[in-house]
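See below for the structure under consideration.
The values are calculated or read from the model by the stated rules, or taken from the named source; none is laboratory data. What you are looking at is a predicted structure, and each value in this text was computed from that prediction instead of being measured. Using ideal geometry, Cβ is built from the backbone for each residue, glycine included, and neighbour counts are taken over all protein chains shown.
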Amino acid sequence: MRRKGSLWQSILGVLGDEAPLMTGVGRVMLLVILNLCLLLGMMPVITGGAAWLALYTVLLEWGEWNYVAACGRFFRILRQNLKASIIPWLVTLLAVGGLTAAWRIVLERGWTDNFLLLLPLLLATAVIAITALWLYPLMAAAHMPWLQAVPAAFLLGLRELWRSLALLALEVLLAALALYCAAGPLTLKGIWLLLGITPVELLKLRLIAGKLPKAE
């Protein structure tokens, strides 16, 4: 009887809710659910800003949710912030699109040796990149309106420049993974749909969470 009891206790120790294995499984499932929520939330395109804001909010509350409750929390935040996030999201898309078009023209026409042309373009790229990297995490952490968050995000990113560079490196990694999975077999596409974004975003938040102001 002691052996059976010991065996049963060992099984419970491995498969119980508080066991490291099951805790790890729960965390992976949470990332999977949030990844799917983000992709669904961004499908109408115009809701992309609200979807990112919802993702960062739930990730900042990481210890408070299981994967079932996190899904409901995600879409509640998305609905609550939809109107307020449309303008900054559209501005972000226009700024990134304009920069991409400008860099494409410069590279295609061979103007890379024109310092007077490159300097303002480089400065604009740095300002927009720093602001975009910090904007939605800042809005999620501080519950700050976007008109206040835009300059605050740039100043915070400039002050924490090495963290901004690390965020940019992770963003490049994310884009490279997306391209690799898109060009790969169906299995890789499935992995991307399940876990392509949220692990990197969680890592980004872990990097900067201590520097984000709290909501008053």
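Within region 24-35, restricting attention to residues that are touching a residue at least 12 places away in the same chain (Cβ under 8 Å) and over 13 Å from the mean Cα position of the chain (by Cα), the residue that is surrounded by the fewest Cβ atoms within 10 Å (Cβ to Cβ) is G26.
Would a scan of region 123-131 turn up a residue that is over 24 Å from T57 (Cβ atoms), surrounded by 14 or more Cβ atoms within 10 Å (Cβ to Cβ) and not β-branched (V, I, T)? Yes; the residues of region 123-131 include at least one that is over 24 Å from T57 (Cβ atoms), surrounded by 14 or more Cβ atoms within 10 Å (Cβ to Cβ) and not β-branched (V, I, T). For the structure I just gave you, tell me whether L60 is modelled with pLDDT of 90 or more and within 16 Å of L194 (Cα to Cα). So L60 fails the test.
Taking the conditions (1) under 21 Å from L170 (Cβ atoms); (2) touching a Leu at 6+ places or on another chain (Cβ under 7 Å); (3) of a type outside the set (S, T, N, Q) in turn, W89 satisfies each one other than (2). Within region 64-117, restricting attention to residues that are modelled with pLDDT under 90 and aromatic (F, W, Y), the residue that is surrounded by the fewest Cβ atoms within 10 Å (Cβ to Cβ) is F115. For region 43-63, a residue qualifies if it is of a type in the set (A, V, I, L, M) and surrounded by 22 or more Cβ atoms within 10 Å (Cβ to Cβ), and the qualifying residues are A50, A51, L53, A54, L55, V58, L59. Count of region 189-209 residues, restricted to those that are hydrophobic (A, V, I, L, M, F, W, C), within 18 Å of L38 (Cα to Cα) and modelled with pLDDT under 90, is 5. Here is a check on your reading of the model: is L138 over 23 Å from R159 (Cβ atoms) and not hydroxyl-bearing (S, T, Y)? Answer is no for this residue.
Close Cβ contacts (under 9 Å, 6 or more residues apart or on different chains) running from residues in region 79-105 that are touching a residue at least 60 places away in the same chain (Cβ under 8 Å) to residues that are exposed (fewer than 14 other Cβ atoms within 10 Å of the Cβ) comprise A84/P145; P88/L147. Exactly one residue among L174, L158, L212, L165 is under 19 Å from N35 (Cβ atoms) and either surrounded by fewer than 16 Cβ atoms within 10 Å (Cβ to Cβ) or not polar (S, T, N, Q) (or both), and that residue is L174.
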